[in-house]
Amino acid sequence: MNKDAFKKIALSTNPIVRGITNALRFPLRYALFLLLKFRKEAALPKLIHTIQHERDFMMWPDEMTQIACCMQYAAALDGDVAEVGVSSAGSAKLIAELKGEKMLHLFDTYEGLPEPGNIDKGFLKQQYACSLESVKTYLSNYHNVVFYKGLFPSTAVPAQDMTFAFVHLDVDLYQSTLDGLKFFYPRLVSRGILLSHDYSTFPGVRKAFDEFFSDKQERIVELAT
């Protein structure tokens, strides 16, 4: 099955198709979790496994490991941490566990995706919705966490004078990705990391990155995940 065909199945709104996809996803995800246990210290696989069961989190263990490794590296740098595209807050909890005393800024509509553009095929407005109240409850044990409800980047005005050591973009859509890059790129500290989900999967995300970095000296690093 080629990547485009798999993507259409993964994004399907048909409950039968989604059910079959989920039935296949869980055993594969668990197999990756078992593999991870043999390659990392026990605490990280256990944390990832816990988050996936708490929130029925769609992100794969290897993707979550990538986020964790980036956060562990960035924890020693100056600057805050941010995530745009929080959804059910699975990755936000992973970041919160590893950020130390850094401030974590969480941007989301908390009402699902905004209106997708023409390039964002397969997505629906309000897809992946999770309420702010639910996210706040889930992350209530963590301090130095700030929530920004609404459409980014209009919600980012309070953060315009801040700098960031690590930023995680998981917004799926072209315009949302481009807005995230425009805001955070000039605010990254030296050696800071901006990590995006779905560059290899969704054409809108890839287009935004390719356009934005076409005149920058930095090179995009496409990860296996």
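The values are calculated or read from the model by the stated rules, or taken from the named source; none is laboratory data. Just so it is clear, the structure is predicted and the values come from calculations on it, not from any experiment. Note that we place each Cβ from the backbone using ideal geometry, even for glycine, and neighbour counts take in every protein chain shown. Side chains are part of the model used for accessible areas, which takes the heavy atoms of the whole protein and leaves out ligands, DNA and RNA. Shrake-Rupley method; radii C 1.70, N 1.55, O 1.52, S 1.80 Å.
List of remarks:
- Take the conditions (1) under 13 Å from the mean Cα position of the chain (by Cα); (2) open to solvent by 30 Å² or more (accessible area, probe 1.4 Å); ALA68 misses just one of them, which is (2).
- Applying the criterion of at least 2 residues that are over 24 Å from GLN72 (Cβ atoms), touching a Ser or Thr at 6+ places or on another chain (Cβ under 8 Å) and of a type in the set (A, V, I, L, M, F, W, C) to the strands (runs of 3 or more DSSP E) found wholly in region 142-222 leaves an empty list.
- Close pairs (9 angstrom Cβ cut-off, 6 or more residues apart or separate chains): on the phi > 0 side of the Ramachandran plot and hydroxyl-bearing (Ser, Thr, Tyr) in region 121-150, open to solvent by less than 100 Å² (accessible area, probe 1.4 Å) and assigned to a loop (DSSP other than H, G, I, E, B) anywhere: TYR128/MET58; TYR128/GLY85; TYR128/SER87; TYR128/SER88; TYR128/GLY112; TYR128/LEU113; TYR128/ASP172
- Lone unmet requirement of (1) under 13 Å from ILE193 (Cα atoms); (2) of a type in the set (Val, Ile, Thr); (3) open to solvent by 20 Å² or more (accessible area, probe 1.4 Å) for VAL81: (3)
Each row is one residue, and each column tells you yes or no for (1) under 20 Å from VAL81 (Cβ atoms); (2) touching an Asp or Glu at 6+ places or on another chain (Cβ under 8 Å).
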position: THR177; (1), (2): yes, no
position: PHE184; (1), (2): yes, no
position: VAL189; (1), (2): yes, yes
position: ILE193; (1), (2): yes, no
position: SER200; (1), (2): no, yes
position: ARG206; (1), (2): no, no
position: ASP210; (1), (2): no, no
position: SER214; (1), (2): no, no
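- Selection from region 125-141 of residues that are open to solvent by less than 60 Å² (accessible area, probe 1.4 Å) and either among the hydroxyl-bearing types (Ser, Thr, Tyr) or not in a loop (DSSP other than H, G, I, E, B) (or both): SER131, LEU132, SER134, VAL135, TYR138
- Test: residue in region 76-91 that is of a type outside the set (A, V, I, L, M, F, W, C), in a loop (DSSP other than H, G, I, E, B) and over 15 Å from the mean Cα position of the chain (by Cα): yes
- Selected residue [assigned to a loop (DSSP other than H, G, I, E, B), over 16 Å from the mean Cα position of the chain (by Cα) and surrounded by 14 or more Cβ atoms within 10 Å (Cβ to Cβ)] from GLY117, GLY112, GLY100: GLY117
- Of the residues making up region 151-191, those that are touching a Pro at 6+ places or on another chain (Cβ under 6 Å) and free of Cβ contacts under 8 Å to residues at least 40 places away in the same chain number 2.
- Verdict on GLY122 being outside any helix (DSSP H, G or I), within 24 Å of ASP210 (Cβ to Cβ), at pLDDT 95 or above and not hydroxyl-bearing (Ser, Thr, Tyr): no
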